[in-house]
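Just so you know, all these numbers are worked out from the coordinates, no wet-lab data involved. All values derive from a computational prediction rather than experimental measurement. So basically every Cβ, Gly included, is an ideal-geometry build from the backbone, and we count neighbours across all protein chains shown.
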Amino acid sequence: MRLLKFLFLGIFFGIVLSKAEVISWFRIQEMFRFQSFHMYGVIGSAVILGALFLWVAKKMEWKDIHGKLISLAPKEPGIRYILGGTLFGMGWALTGACPGPVYILIGHGFLSFVIVFLAALFGVFVYGLLRDRLPH
């Protein structure tokens with residue numbers, strides 16, 4: 001019962017993404033072709049709101065569900081972020097969806113995204129097999 005609120009939050013988030021047209025293949029292609037500001041506006045707004053939320057969480061000393069203070073761990077700059085971001089962006093551009101909205105697209109009846117979903121699961125599986133050999 002406790003996790004039910006997350007199901008409803010996910011459904012609400014899916015509706016918001018649908019209504020904002022950020023799951024639209026055409027909107028995503030417009031973004032990658034620099035033909036529209038729509039997606040950049042949505043992503044930029046999310047980054048700004050996320051930064052604002054994190055700042056407030058630190059100032060108010062909010063805690064996560066495990067009782068730890070909300071904070072970001074420092075990260076060392078490296079080529080892995082450039083390579084990972086490039087790979088993620090290429091997959092996003094080729095499939096027309098990032099991993100989160102794939103569920104929404106399948107729910108909308110675009111069954112070709114089942115292939116994308118299965119490929120994402122396969123990628124997670126391969127990462128799990130190779131994780132110990134990868135630079136972290």
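Using the Cβ-Cβ distance between E30 and W55 with R0 = 35 Å, the FRET efficiency computed as 1/(1 + (r/R0)^6) comes to roughly 0.65.
Take every Cα pair under 8 Å whose residues are at least 6 apart in sequence, average their separation, divide by the length of the chain, and the relative contact order is 21 percent.
Highest average first, the peptides 65-72, 100-107 ordered by how many other beta carbon atoms sit within 10 Å of their residues are 100-107, 65-72. The sum of -39500 (n - 2.57) across all DSSP H runs of n ≥ 4, divided by the residue count of the chain, sets its helix-only mean residue ellipticity at 222 nm to -21000 deg cm²/dmol. In terms of Cα atoms, the Rg and Dmax of the chain work out to 17.5, 45 Å.
Report note on the peptides 47-56, 13-22: ranked by the mean count of other C-beta atoms within 10 Å, highest first, their order is 13-22, 47-56.
Helices from the chain with mean Kyte-Doolittle at least 0.0 and a Cα length along the axis of 18 Å or more, per DSSP H: which?
Working: long enough: 4-19 (23 Å, 1.89); 38-59 (32 Å, 1.27); 79-95 (24 Å, 1.01); 113-130 (25 Å, 2.73).
What comes out of the filter, once short or polar helices are dropped, is 4-19, 38-59, 79-95, 113-130.
Placing a label point 7 Å from the Cα of W62 along the Cα-to-Cβ direction, the residues of segment 1-44 whose backbone N falls under 17 Å from that point are 6, 9-10, 13.
When the square roots of the Cα gyration tensor eigenvalues are ordered a ≥ b ≥ c, the ratio a/c for segment 11-58 is 1.5 or more and a/b does not exceed b/c, which makes its shape oblate. Taking a straight line from the alpha carbon of K68, these lysines sit under 30 Å away, with near neighbours fewer than eight places off in the same chain left out: K5, K58, K59. The equivalent ellipsoid of segment 74-125 has semi-axes of 26, 11, 10 Å, largest first, where each one is the square root of 5 times an eigenvalue of the Cα gyration tensor. Per-peptide packing, taken as the mean over residues of other Cβ atoms within 10 Å, places 78-90, 123-135 in the sequence 78-90, 123-135 from highest down.
In this Cβ point-charge picture (+1 for Lys and Arg, -1 for Asp and Glu), the chain has a dipole of about 320 debye about its Cα centre.
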